[in-house]
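The values are calculated or read from the model by the stated rules, or taken from the named source; none is laboratory data. Just so we're clear, the structure is a prediction, and the values are computed from it rather than from any experiment. All Cβ positions, glycine included, derive from the backbone under ideal geometry; neighbour counts span all protein chains shown. Calculation scope for accessible area: heavy atoms of the full protein, side chains included, ligands and nucleic acids excluded. Shrake-Rupley method; radii C 1.70, N 1.55, O 1.52, S 1.80 Å.
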Amino acid sequence: MARGDSYQLQGQQGGVYLEYVATPLTATGNFRNIVALTQTTISAMTSNFVTSTGAAVTSLVIPAGTSVGGQFKDISITGGKVICYYA
């Protein structure tokens, strides 16, 4: 059950570890936080992020050690290592 507080950011709801080796990987589910362990390229995702023109953000490069919070679904990576924490 989603709690709406920092509980999820602490990892108690669990998460998915993705490590790109040779083929794109996808984590399916509802996620609240993405932590890049190495520089990571997210090639596709559904999120509540928009560009300055209001278009959906469909790809993103996250530097190593960076955490990105939001509402994410179906995250695909084509490079790097991330932990996607469930909402």
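Could you tell me whether any residue of the range 76-83 is in contact with a strand residue (DSSP E or B) (Cβ under 8 Å, 6 or more places away or on another chain) and modelled with pLDDT under 90? I'd like the intermediate steps shown before the answer.
Filtering the range 76-83 down to residues in contact with a strand residue (DSSP E or B) (Cβ under 8 Å, 6 or more places away or on another chain) leaves 76-83.
Within this subset, residues satisfying the condition of being modelled with pLDDT under 90 are none.
Looking through the range 76-83, none of the residues is in contact with a strand residue (DSSP E or B) (Cβ under 8 Å, 6 or more places away or on another chain) and modelled with pLDDT under 90.
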In this structure, is Ala27 aliphatic (A, V, I, L, M) and closer than 16 Å to Tyr85 by Cα?
yes
Which of the residues belonging to the range 20-43 are open to solvent by 70 Å² or more (accessible area, probe 1.4 Å) and without any contact (Cβ under 8 Å) to a residue 40 or more places away in the chain?
Val21, Ala22, Thr23
The residue that is farthest from Gln12 (Cα to Cα), considering only those in the range 44-73 that are in contact (Cβ under 8 Å) with a residue 40 or more places away in the chain and open to solvent by less than 60 Å² (accessible area, probe 1.4 Å), is Phe72
